[in-house]
Amino acid sequence: MIVYFSATIKETMTKKSNKSKGPKKGRKIKKNGLASKEATQVEKKAVPNLVTSGVLQTRQLWFMSAFFFVLSFVLYANTFQHRFVLDDHGIIANNKITKAAFSADNIALMFKTPLRKGDVSDKENSLYRPFTKVILNAQWNLFSGNPHHFHKINVILYGLLCMLIFWVLYDLFDKRWLLPFLITLLFTVHPIHVEVVANVKSLDEILAMIGIVGAMRGIQLYLISNRSIHLIWGTLIFAAGIYSKESAVVGIGIFPLLIFFHQGKMNVKKIALCCAPLVVVAILFIISRDVVLGQYPQNAETSIMDNLIVKVKDNIPSRFATAVMIVGFYIYTFFVPHPLACDYSYATLEPVSVSHWGFVLSFLLCLIAFIYAVLKLKNRSKISFGILWFFITFSIASNVFFLIGTSFGERLFFTPSLGLCILTVLLLAHFFKKESGDGFMEKVKASPVLWGILGVVCVLYSYKTVARNMDWKNDYELFSRDIKYNENATHLLYYMGNHLPSEDRKEVLTEAMSAAGYNQKQLIDSISKEVAQSITFFRRSMSIYPYLPADGYNQLGKAYFLQGQLDSAYKYYYKAFKEDTTSGIYTNNVGTVYFQSGQFDKAIPYFKKAHSLDNTEADFMNNIGCVYGETQKADSAIYWFKNATAADSMDVKSLQFLELTYRAIGDIPNADYYKSKLLYVQQLRRERL
């Protein structure tokens, strides 16, 4: 990232020095009709002062951009002790590929597989983001899986992105710092970005936007200096961005717009020259994505729980009206970011018809804005740039042109929100900005209303950002808070039901209650109550939408299993298994019911089938070992428990079983050895909390 800023300083200096040179050879300065040697000498003497002024201004701009990095760090510092939440589990904490040793072979594997490959329930094959996964894999190995450091990296990259945005806007606004400063300030503090920065998995959003804005900076510096090196590194940054998240492909629509605003005319040759390598990268990405994902089964149709528009997918007018209405809801949330939520699934929002006021208002607003942007484009109106940025970058995620996997998500508005930041500041500046000198205080004194309005807004947004960060501390804090506002969000209710019986929740609850001085019996009672409560959340979800995804049935079965209600557990475990017989986890869980009821002969086929479906999962091997242990076959039990600990060195259960088995057969040295290993692993796991 330092390359961007160093190059900026160099190019700015070069440009200002060239402007400051004396008269060209053969040119005379006339005064009263005569060539004036004195005038030429005076102009030459002015050169050092102008250059010095340029250096001073560049330093000021450097400090301004650094301010945004520091501000980002301050705003998001309270996320540094957060855990993994939401998709972090499937993509990072529970993903065997992400947790594997960092190596060339593993990097190649990540470029050959979908994003979620490696998770125990990796049935989603529509996402291809290998560079994001490479970065997460590197962090896992570098930080030993400690989520706190992952959060720090997200904040650092967000701060660098904000710096980069400022420099791009500074050149876009003809090297006048005031409006770029205010726009970047609004973007930096905006609370709608919390989901991206505070959720580790959303590193993909940050990297994708860095890819777009980094390429823009490369184009700008190329247009200033005509040095191809800037196009080269700009293209590499864009490649990293698009391989981090597919949505970065929208940059192909932004780059010609940027060149037009820089050149002041539609220079087709220049646009083609600058954009050609970027288009090649985009085409290569699309081809590689299709080749990789084409090897895997297509995803099941998106559920209404995920995207409510699916409910009216065959009713074209209603489908269009609902999508446009939701665009309006995004815009509303941008200006009024409260209450924010990690999930807005059905039935938080409902499908609407073309006569619904939400559609009409949103449609007219978007139509008027688009017409204005097109009409003012020839004048290089920066408002046009902001509006077109919004429409271009939001085109993929809007559901207007095609359906995606969700109907609404704050993270999807991360990049488009910059367009609304530009629009907001420029509209306020149109009414309240007064011309003044270049000094910071001069600008403030000249336009007190502009600074006052944006100052109040940014203070309120900063407060909201810091407060919202704390909701992302862990899954329980996030889900329990958001359900208060989105109580009919079926997916959110399902998330809560899914989380309460989980090992992650058990670890957090154990740590919190132990620190508070509760005894073991109180802890067990609390865990049992939360498991029972999870069933209530599942039932609430199913009362709104009567179906659950296979994983939902599986988790509901787990809740009943933990409550000792084996008949109900079997019912839902088997329902999940029938929906997806290729899932090792669902297969395994049917076997656990048979095992718990003492039917070992019926349990072992399910456990072995689960192992054949996924021979890297420690739980499946442990369960096979437990069957042999219960049937007094200690050697076979030890064989499977050792395989389990070899598959996952952080697995606690296999170490516990090895200690118990060796102790049961009188092999005390081995029992003590595995007990010491168990204590070591338990300590490591506590350090990650």
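Measure nothing but the geometry: give the 0 to 90° angle between the long axis through the Cα atoms of 178-189 and the longest principal axis through the Cα atoms of the chain, rounded to 10°.
So the helix axis and the longest Cα principal axis differ by about 10 degrees.
In what sequence, highest mean first, do 344-352, 279-287 appear when ranked by Cβ atoms within 10 angstrom?
The packing order, highest mean first, is 344-352, 279-287.
Could you rank the peptides 465-473, 540-548 by their average count of other C-beta atoms within 10 Å per residue, with the highest value first?
Packing proxy ranking, top to bottom: 465-473, 540-548.
Check each of the trypsin sites (Lys or Arg not before Pro) in region 152-261 and keep only those in coil by DSSP with at most 14 other C-beta atoms within 10 angstrom; list them in order. Numbers along the way, then the final one.
Numbers: sites: Lys152, Lys175, Arg176, Lys201, Arg217, Arg227, Lys245; in loops: Lys175, Arg176, Arg227, Lys245.
Filter output for region 152-261: Lys175, Arg176, Arg227.
Go ahead and run the numbers for FRET between Ser612 and Ser543, Cβ-Cβ distance against an R0 of 41 Å, rounding to 0.05.
0.60
If one takes the longest principal axis of the Cα atoms in the chain, at what angle in degrees, from 0 to 90 and to the nearest 10, does the Cα axis of helix 251-263 lie?
That helix lies at roughly 10 degrees to the long axis.
Between the helical axis of 668-687 and the dominant principal axis of the chain, each derived from Cα atoms, what acute angle in degrees is found, rounded to the nearest 10?
Rounded to the nearest ten degrees, it is 30.
Per DSSP H run of at least 4 residues, take -39500 (n - 2.57); add these up for the chain, divide by its residues and hand me the 222 nm value, nearest 500 deg cm²/dmol.
Value at 222 nm, helices only: -23000 deg cm²/dmol.
How far is it, in nm, from the label point at Glu487 to the one at Ser514 when both lie 7 Å from their Cα along the line to the Cβ?
3.6 nm
Once phi is turned into ³J(HN,Hα) by the Karplus curve 6.51 cos²θ - 1.76 cosθ + 1.60 with θ = phi - 60°, what whole-Hz value does each residue of region 214-220 show in order, with x for glycine and proline?
So the J values, rounded to whole Hz, are x, 5, 4, 5, x, 4, 4.
If the limit is 20 Å between Cα atoms, which of Lys152/Lys653; Lys506/Lys653; Lys270/Lys378; Lys376/Lys434; Lys464/Lys484; Lys117/Lys245 go over it? All intermediate terms of the calculation are to be shown ahead of the outcome.
On the way: Lys152/Lys653 31 Å; Lys506/Lys653 15 Å; Lys270/Lys378 17 Å; Lys376/Lys434 22 Å; Lys464/Lys484 17 Å; Lys117/Lys245 16 Å.
Those over the limit are Lys152/Lys653; Lys376/Lys434.
Can you give the extra length, in nm with one decimal, that the chain gains between Phe431 and Ser225 once fully stretched, where that is 0.36 nm per residue apart less the Cα-Cα distance?
Gain in length upon complete extension: 70.6 nm.
Under a point spin-label approximation (7 Å from Cα along Cα-to-Cβ), what is the Ser526-Trp62 distance to one decimal in nm?
5.2 nm
What does the convex hull of the Cα atoms come to per residue for region 300-414, in Å³? Display every interim value, and only then the final one.
Working: hull volume 12.3 nm³, N = 115.
Hull volume normalised by residue count: 107 Å³.
What order do you get for 551-563, 368-380, 92-104 when each peptide is scored by the mean count of other beta carbon atoms within 10 Å, highest first? Display every interim value, and only then the final one.
Details: 551-563: 23.1, 368-380: 14.1, 92-104: 16.8.
Packing order, densest peptide first, comes out as 551-563, 92-104, 368-380.
Between region 95-150 and region 226-278, what is the separation of their alpha carbon centroids in Å?
29 Å
For volume of the Cα convex hull per residue in Å³, the choices are [x] 244; [y] 173; [z] 188; which was calculated from the structure?
The value matching this structure is [z].
Could you list which residues have their amide H under 5 Å from that of Asp119, counting only those 5 or more apart in sequence or on another chain, with H placed in the peptide plane?
Hits under the 5 Å cutoff: Lys96.
Can you work out the Karplus-derived ³J(HN,Hα) for every residue in region 322-329? Use 6.51 cos²θ - 1.76 cosθ + 1.60 with θ = phi - 60°, whole Hz, and x for glycine or proline.
Computed from phi, the couplings for region 322-329 are 5, 4, 5, 4, 5, 4, x, 5 Hz.
Bear in mind that the values in this text are calculations on the coordinates, not laboratory data. In this text the structure is predicted, and so the values were computed from the model without any measurement. Here Cβ is always computed from backbone atoms with ideal geometry, including for glycine, and neighbour counts include all displayed protein chains.
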